[in-house]
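So the structure is just underneath, and the comments pick up after that.
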Amino acid sequence: MTMTGIHAKEIQLHNKEDFVHSLGVLLEPISRYQKNELPGFLPGNGAAHYSDRIAAFETWSRLLWGIAPLVAHDSCEHDGDRNQLVDVWLPRMLSGIINGTDPDAPEFWGCPGDFDQRWVETAAVAYSLLLAPQTFWKPLSGVEKKRLTAWMYRINSVTISANNWEFFRVLINLALLCIGAPIDTSILMEHLNRSLDFIDSLYVGDGWYKDGQTYDYYNAFAFHYYGLLFAVHAADVMPERSARYRARARRFATDFILFFADDGSSIPYGRSLVYRFASVSFFSACVYANLECIPWGQMKGIIFRNLRWWFDGRMLDTAGLLSLGYTYPNTAMTEQYNAPGSPYWALKTYLLCAVPESHNFWQVKESSLAQIDKPGYLKKSQMVISPVSDGGRILYNPGQYGEYELRQQAAKYGKFSYSSLSGFCISSDSFDLELTGCDCSLVLSEDGSNWRVRRHVEDSWFDGKSLVSMWRPWEDVEIRTEVIPLGDWHVRIHTIHTKRRLYVAEGGFSYPHSGDKNDIQETMKSRYLQGAVIRSSSRRLQSREGTEKIDIESALYSFHGWSDFCLTGPLPAMNIVWPRVGIPVLRGELKAGKESDFISVSAVLQSRDGWRLNLKQALCAMKKLNESAKMKQHSKKLDFLAGADILPT
């Protein structure tokens, strides 16, 4: 199957045939990167914290998430794209299993030990054995079966990370049980129960697991995805546990749908964003498990809109490979465990290929989600997700910080808000305000050059209207931050007590620009408040129409405490969604031994006809914040502004 042949048919994503075709678009380019001396594919020269040999195995195994469903025992359709993919890829996958577990073969996977990345990738082998034992197990010779069994069973004698990794042990032992490997069943059940008990200890309720002190997309594409695979394949041997995972997934879905905007995008937040549309693999697993947690049409809409959003953008590089990055190639935002083939974890979504075309999911028309008209509070994670009037979503975050130190962890977990439209900035350096990537952040400095951001949070809570966090950038600097969602807008109130003199700055939402001086950038200021609304035009590359012009409005106004307003220009590729951005910034100073309040109001929207962000609406909404003691202190100012002419001078 050639690249030309794949692209001869435009990706429409309306039915199963289109869906299988889109998998072919992703698989074909990587076929050219097989390394004879390595156990798999190495599509690039990037580096992770593990060897190139393991990285090649990783790429090979991650392709199984998409290939195994094509030959699942209940997938009997034989369309042209599916047949071609099976003919091309199945021999490579089978030879990979046979040679990878043979110590005398050049492609041998090696002997993984404690905390070894290869256990992550072996989960895909177990997945393949669960979905298609007639394809990946029965054709093996007795010796080959013995080698594969021994290689997989080794996971029970090593230590792995005490987090979502425990599910890899579950899938491996479950696969050995289901294929009838020559291991005492009672021993396998003992391993399974021990692992499942540990996973239960991470469950906090309302459908959420806590994974290394953070709540993020691992709940969707790890815990619940694996839990539903378990529920399907262990239903007969562990019915109670299987039912438990189905119930948890059903509850999680009611929260998780809030993460998806009307245009199909999801809120970029947290780690492992290079896995892109793996976020919707949760819904693929629901379909596979025949769990209608939301109506089939709505589930189909979430998956297909999300995939269209990705395929219409620049997730593929010029060679057609999934790049290390988010909406464009950008290794600066990746984690230390990301190798060139890591993004193919996204193929988990293609579990849908194992679902027969007769299933209701394929037969119904895709539909939109029910209208969401107010913020949703996710109690266990303490997040608030708010719909905005352009169909986007904003996640308000009390502040999380994981046990495992990641690249750009503060940027991925510590900002006050995350937008499906504007993305977020990573940090290039702590020296110089423009390099901090300070969108949706409060940054502080002793000398005006070296800056600190919110990292560890000492305490946080939601009082019904406000997300409150307590944090200390220095031991003698205490900050109480209150974030209050107000429709399209939100208010930030910082109460800072410091024993040292400080410079402070706060960023609004990033706004994109193309670097072309002919693109429009307009600013609307207020008569009475520091700050502005910036309307900027940019062009987003599209795979079908070439480019799409996007107008975005980003607003940031000082209500109290701030002394200055400016626009900063982060370096290119600091924002994960837009290659070039600006950030509106408020600045101020603090004297030692003082307690000071800083209050701002911020918003971001996609602009259409005329200005959409209306500061008057924000001020009127702020008048209703009677429960906020800080806002009560400024009631006269609010009354005046809400009735004054605040349009631009």
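The values are calculated or read from the model by the stated rules, or taken from the named source; none is laboratory data. The structure displayed is predicted, hence computed values, not measured ones. Reconstructed Cβ throughout: ideal geometry from the backbone, glycine too, with neighbour counts over all protein chains shown.
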Could you say whether any residue in the stretch 115-132 is within 25 Å of ASP52 (Cα to Cα), touching a residue at least 40 places away in the same chain (Cβ under 8 Å) and surrounded by fewer than 15 Cβ atoms within 10 Å (Cβ to Cβ)?
-> yes
All-but-one check, VAL237 against (1) within 30 Å of SER419 (Cα to Cα); (2) surrounded by fewer than 17 Cβ atoms within 10 Å (Cβ to Cβ); (3) in contact (Cβ under 8 Å) with a residue 60 or more places away in the chain, failing number (1)
Residues of the stretch 316-329 that turn out to be in contact with a Pro (Cβ under 8 Å, 6 or more places away or on another chain) and assigned to a loop (DSSP other than H, G, I, E, B), as a count = 8
Restricting attention to the stretch 163-219, the residues that are among the small types (Gly, Ala, Ser) and under 17 Å from LEU129 (Cβ atoms) number exactly 3
Assess whether PRO112 counts as being out of contact with any strand residue (DSSP E or B) (no Cβ under 7 Å at 6 or more places or on another chain), part of a loop (DSSP other than H, G, I, E, B), surrounded by 20 or more Cβ atoms within 10 Å (Cβ to Cβ) and free of Cβ contacts under 8 Å to residues at least 60 places away in the same chain.
-> yes
Residue match in the stretch 614-626 (condition: within 30 Å of TRP309 (Cα to Cα) and modelled with pLDDT under 90) | yes
Within the stretch 350-370, can one find any residue that is hydroxyl-bearing (Ser, Thr, Tyr), in the same structural domain as ARG82 (by TED's automatic domain parsing) and buried (at least 21 other Cβ atoms within 10 Å of the Cβ)?
-> yes
Quick check: anything in the stretch 30-41 over 19 Å from PHE311 (Cβ atoms) and modelled with pLDDT of 90 or more?
-> no
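Taking the condition at negative phi and in contact with a helix residue (DSSP H, G or I) (Cβ under 8 Å, 6 or more places away or on another chain), does ARG452 pass?
Details: at negative phi: yes; in contact with a helix residue (DSSP H, G or I) (Cβ under 8 Å, 6 or more places away or on another chain): no.
So ARG452 does not fit the description; no.
For the condition over 20 Å from GLN400 (Cα atoms) and modelled with pLDDT under 95, what is the one hit in ILE484, ILE520? Steps first, answer last, please.
Working: ILE484 fails: over 20 Å from GLN400 (Cα atoms).
One residue alone meets the criteria, ILE520.
Yes or no, residue by residue, for (1) free of Cβ contacts under 8 Å to residues at least 12 places away in the same chain; (2) buried (at least 18 other Cβ atoms within 10 Å of the Cβ):
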| position | (1), (2) |
| --- | --- |
| ASP432 | no, no |
| VAL453 | no, yes |
| GLY464 | no, no |
| GLU475 | yes, no |
Could you check, for the stretch 441-451, whether at least one of its residues is touching a Ser or Thr at 6+ places or on another chain (Cβ under 7 Å) and small (Gly, Ala, Ser)?
-> no
Spot the failing condition for LYS380; the list is (1) in contact with a Phe, Trp or Tyr (Cβ under 8 Å, 6 or more places away or on another chain); (2) surrounded by 18 or more Cβ atoms within 10 Å (Cβ to Cβ); (3) outside the structural domain of VAL232 (by TED's automatic domain parsing), and only one is missed.
-> (2)
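Test LYS145 against the stated conditions and say whether it is loosely packed, with under 15 Cβ neighbours inside 10 Å and either of a type in the set (Lys, Arg) or not assigned by TED's automatic domain parsing to the domain that holds LEU176 (or both).
Numbers: loosely packed, with under 15 Cβ neighbours inside 10 Å: no; either of a type in the set (Lys, Arg) or not assigned by TED's automatic domain parsing to the domain that holds LEU176 (or both): yes.
When the stated conditions are applied, LYS145 does not pass them.
Taking the condition of being within 21 Å of LEU351 (Cα to Cα) and among the small types (Gly, Ala, Ser), how many residues in the stretch 23-56 meet it?
At the first step, the residues of the stretch 23-56 found to be within 21 Å of LEU351 (Cα to Cα) are 23-31.
Of the ones still in play, those that are also among the small types (Gly, Ala, Ser) are 24, 31.
Total meeting the criteria: 2.
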Hey, ARG92 hits all of (1) modelled with pLDDT under 95; (2) surrounded by fewer than 21 Cβ atoms within 10 Å (Cβ to Cβ); (3) farther than 24 Å from ILE179 by Cα but one; which does it fall short on?
-> (3)
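Residues SER466, SER417, SER445, SER449: which one is within 30 Å of ARG608 (Cβ to Cβ) and either at pLDDT below 90 or out of contact with any Gly (no Cβ under 9 Å at 6 or more places or on another chain) (or both)? So that I can check it myself, show each step before the final result.
On the way: SER466 fails: within 30 Å of ARG608 (Cβ to Cβ); SER445 fails: within 30 Å of ARG608 (Cβ to Cβ); SER449 fails: within 30 Å of ARG608 (Cβ to Cβ).
After ruling out the rest, the residue left standing is SER417.
To keep it simple, each residue is scored yes or no on (1) of a type outside the set (Val, Ile, Thr); (2) over 14 Å from ARG147 (Cα atoms); (3) outside the structural domain of ALA55 (by TED's automatic domain parsing).
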{"site": "LEU90", "(1), (2), (3)": "yes, yes, no"}
{"site": "ILE97", "(1), (2), (3)": "no, no, no"}
{"site": "ASP104", "(1), (2), (3)": "yes, no, no"}
{"site": "GLN117", "(1), (2), (3)": "yes, yes, no"}
{"site": "GLU121", "(1), (2), (3)": "yes, yes, no"}
{"site": "VAL125", "(1), (2), (3)": "no, no, no"}
{"site": "LEU130", "(1), (2), (3)": "yes, yes, no"}
{"site": "GLN134", "(1), (2), (3)": "yes, yes, no"}
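Restricting attention to the stretch 148-160, which residues are surrounded by fewer than 15 Cβ atoms within 10 Å (Cβ to Cβ) and either in contact (Cβ under 8 Å) with a residue 60 or more places away in the chain or in a loop (DSSP other than H, G, I, E, B) (or both)? Spell out the reasoning first.
Of all residues in the stretch 148-160, those surrounded by fewer than 15 Cβ atoms within 10 Å (Cβ to Cβ) come to 150, 157-159.
Listed by number, the residues that qualify are VAL158, THR159.
Across the stretch 581-622, what is the number of residues that are small (Gly, Ala, Ser) and assigned to a loop (DSSP other than H, G, I, E, B)?
3
Hey, any hits in the stretch 347-354 for a residue that's assigned to a loop (DSSP other than H, G, I, E, B) and either hydrophobic (A, V, I, L, M, F, W, C) or in contact (Cβ under 8 Å) with a residue 24 or more places away in the chain (or both)? Lay out the reasoning, then the answer.
Taking the stretch 347-354 and keeping what is assigned to a loop (DSSP other than H, G, I, E, B), we get none.
The answer is no; no qualifying residue exists.
Collect the residues in the stretch 410-453 that are among the aromatic types (Phe, Trp, Tyr) and under 10 Å from MET574 (Cβ atoms), keeping them in residue-number order.
PHE424
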How many residues does the stretch 494-517 contain that are at pLDDT 95 or above and part of a strand (DSSP E or B)?
-> 11
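In the stretch 408-465, what count of residues is obtained for those that are in a strand (DSSP E or B), of a type in the set (Ser, Thr, Tyr) and touching a Lys or Arg at 6+ places or on another chain (Cβ under 8 Å)? Walk me through how you get there before you give the answer.
Step one: list which residues in the stretch 408-465 are in a strand (DSSP E or B), which gives 417-419, 423, 425, 431, 439, 442-445, 450-452, 457-462.
Now drop any that are not of a type in the set (Ser, Thr, Tyr), which leaves 417-419, 445, 460.
Next cut, touching a Lys or Arg at 6+ places or on another chain (Cβ under 8 Å) only: 419, 445.
Number satisfying all stated conditions: 2.
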Just checking, how many residues over the stretch 100-109 are part of a helix (DSSP H, G or I) and closer than 16 Å to ALA181 by Cβ?
-> 0
